[in-house]
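Everything on this sheet refers to the single structure shown next.
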Amino acid sequence: MEYGTISGLDKPVSRLVLGCADLKDTAVLDAALDAGINAFDTAHVYGGSEELLGRWLKGRALDKLVIETKGCHPLALRPDRVTPACLVKDVEASLRRLGVDCIDLFLLHRDSRHAQVGEIVETLNHLRKQGKLRAFGGSNWAAARIREANDYAAAHGLTPFTVSSPHFGLACQVRDPWGGGAGCVTLTGEGQEKEQAWYRESGTAVLAFSSLARGLLSGKISSADPNRADKLDAAGRRGYDCPENWERLSRVELLAREKGCTVAQLSLAWLFHQGMNAYAIFSTGSPARIAVNCSALEVALTPEECRWLNLETGGR
Ligand SMILES: NC(=O)c1ccc[n+]([C@@H]2O[C@H](COP(=O)([O-])OP(=O)(O)OC[C@H]3O[C@@H](n4cnc5c(N)ncnc54)[C@H](OP(=O)(O)O)[C@@H]3O)[C@@H](O)[C@H]2O)c1
């Protein structure tokens, strides 16, 4: 395992992060720990995920683990929850469910056009001073909004956002996986070069979610399968089913065969070759797949291979 550093956090963070959105039992948490993963991505809205993670955390060396959770997600009857009051309420509730005194990484799960970044940054700093969270940032926040928050922090001598969790990976996200208005932000696709450049320059940590495109890039679906799109779930089809992504998969399959690695390893390796302070969040219900996916860090790719995998060139 390789570990990176995130400003504001005084412990290393594994480059592979276990996604806990569909956490069913603790066997995957044990397998992740055995594979060297020390970082776990959960959220207020992931069903019982925080509680289950919290039970597993009891008695463990929290100084070695990185727990990332998210709040302020819109609710059907309350769409605008990026407010100081919701933030405080959600942090307190996550602390209780996780059974910890301090959250290592706290992210605003979505942005809202009604949110005033100034009061949000003030509240996050207040919670940090109270010892309730260590580092913080946005999930599904555009780089411009993170810059706005950080300009406010700089002007007021406050701690800025140091972490961001957008969708990122070799497959581009063509539509919001959870439907219109869900507010997902991706670093993939055309016109994202400036955003990506900002992440490279600023060193802001990128916690890339759905890094295997909900299984499209995992090896469980063949690009040659005539029913390939049906093998994805509804969010996967909405978000990632397009001819370009299947072509990317067919190139991954070819290169993975040549390099003697798995499709998932090669897909994740691409992400680690993008010059960012990047961490790949992936999920699996299978403990055995975790260590195998972590070996993605051992797969070397040339810049030409990366461009070819991303359809930027016809040959490599
Ligand atoms: N911040 C946000 O808004 C946001 C949004 C979406 C997701 N997330 C986070 O990101 C995490 C991961 O995203 P995700 O669950 O959407 O999708 P993902 O990690 O891109 O893909 C998960 C799929 O890949 C399969 N898979 C993984 N490794 C495999 C392997 N070695 N071989 C074959 N199949 C493999 C899994 O199947 P098996 O279970 O059968 O292995 C599962 O179907 C979530 O759990 C959540 O923590 C955050």
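The values are calculated or read from the model by the stated rules, or taken from the named source; none is laboratory data. Quick caveat, the model's predicted, so the values are computed rather than measured. So basically every Cβ, Gly included, is an ideal-geometry build from the backbone, and we count neighbours across all protein chains shown.
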Worksheet, complete the sentence: Within the stretch 271-316, restricting to residues that are more than 13 Å from the ligand (Cβ to nearest atom), in a helix (DSSP H, G or I) and within 20 Å of the chain's Cα centre (by Cα), the one that is farthest from Tyr199 (Cα to Cα) is Leu297
Discussion item. For the stretch 56-86, give me each residue that is among the aliphatic types (A, V, I, L, M), within 16 Å of the ligand (Cβ to nearest atom), under 16 Å from His44 (Cα atoms) and not in a loop (DSSP other than H, G, I, E, B).
Written reply: Ile67, Leu75
Worksheet item: Which of the residues belonging to the stretch 253-270 are within 13 Å of the ligand (Cβ to nearest atom), among the hydrophobic types (A, V, I, L, M, F, W, C) and over 12 Å from Cys306 (Cβ atoms)?
Response: Ala256, Cys261, Val263, Ala264, Leu268
Worksheet item: Looking at the stretch 191-220, which of its residues are at positive phi, surrounded by fewer than 23 Cβ atoms within 10 Å (Cβ to Cβ) and touching a residue at least 60 places away in the same chain (Cβ under 8 Å)?
Response: Gly203
Worksheet item: Any residue in the stretch 140-161 that is crowded, with 18+ Cβ neighbours inside 10 Å, within 16 Å of the ligand (Cβ to nearest atom), at pLDDT 95 or above and under 26 Å from Glu51 (Cβ atoms)?
Response: yes
Worksheet item: Quick one: is Lys129 under 30 Å from Glu305 (Cα atoms) and out of contact with any strand residue (DSSP E or B) (no Cβ under 8 Å at 6 or more places or on another chain)?
Response: no
Worksheet, complete the sentence: Among Asp225, Asp241, the single one that is modelled with pLDDT of 95 or more and surrounded by fewer than 17 Cβ atoms within 10 Å (Cβ to Cβ) is Asp225
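The rows are residues; the columns are (1) among the basic types (Lys, Arg); (2) outside any loop (DSSP other than H, G, I, E, B); (3) over 18 Å from Thr42 (Cβ atoms).
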{"residue": "Leu127", "(1), (2), (3)": "no, yes, no"}
{"residue": "Gly131", "(1), (2), (3)": "no, no, yes"}
{"residue": "Ala135", "(1), (2), (3)": "no, yes, no"}
{"residue": "Ala153", "(1), (2), (3)": "no, yes, yes"}
Discussion item. Within the stretch 87-99, take every residue that is of a type in the set (Gly, Ala, Ser) and in a helix (DSSP H, G or I) and give me the one that is farthest from Leu207 (Cα to Cα).
Written reply: Ala93
Discussion item. Being part of a strand (DSSP E or B) and more than 22 Å from Gly157 (Cα to Cα) is the requirement here; does Glu50 meet it?
Written reply: no
Worksheet item: Quick check: is even one residue across the stretch 38-46 outside any strand (DSSP E or B), free of Cβ contacts under 8 Å to residues at least 12 places away in the same chain and either within 13 Å of the ligand (Cβ to nearest atom) or surrounded by fewer than 16 Cβ atoms within 10 Å (Cβ to Cβ) (or both)?
Response: no
Discussion item. Can you find, within the stretch 210-223, the residue that is farthest from Thr262 (Cα to Cα) among those that are within 8 Å of the ligand (Cβ to nearest atom) and among the polar types (S, T, N, Q)?
Written reply: Ser210
Discussion item. Looking at the stretch 7-29 only, could you name the residues that are within 16 Å of the ligand (Cβ to nearest atom) and either assigned to a helix (DSSP H, G or I) or farther than 15 Å from Thr284 by Cα (or both)?
Written reply: Val13, Ser14, Arg15, Ala27, Val28, Leu29
Fill in: Test: residue in the stretch 16-37 that is over 18 Å from the mean Cα position of the chain (by Cα) and of a type in the set (S, T, N, Q)
yes
Worksheet item: Would you call Leu255 under 30 Å from Phe161 (Cβ atoms) and either outside any loop (DSSP other than H, G, I, E, B) or touching a Ser or Thr at 6+ places or on another chain (Cβ under 6 Å) (or both)?
Response: no
Discussion item. Please verify whether Ala213 is touching a strand residue (DSSP E or B) at 6+ places or on another chain (Cβ under 6 Å) and of a type in the set (Gly, Ala, Ser), treating the condition exactly as stated.
Written reply: no
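Conditions (1) more than 8 Å from the ligand (Cβ to nearest atom); (2) outside any helix (DSSP H, G or I); (3) under 18 Å from Phe168 (Cα atoms), marked per residue:
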{"residue": "Glu201", "(1), (2), (3)": "yes, no, yes"}
{"residue": "Ala208", "(1), (2), (3)": "yes, yes, yes"}
{"residue": "Asp225", "(1), (2), (3)": "yes, yes, no"}
{"residue": "Asp230", "(1), (2), (3)": "yes, no, no"}
{"residue": "Ala235", "(1), (2), (3)": "no, no, yes"}
Worksheet entry | Residue check, Gly118 part of a helix (DSSP H, G or I), more than 16 Å from the ligand (Cβ to nearest atom) and among the small types (Gly, Ala, Ser) | yes
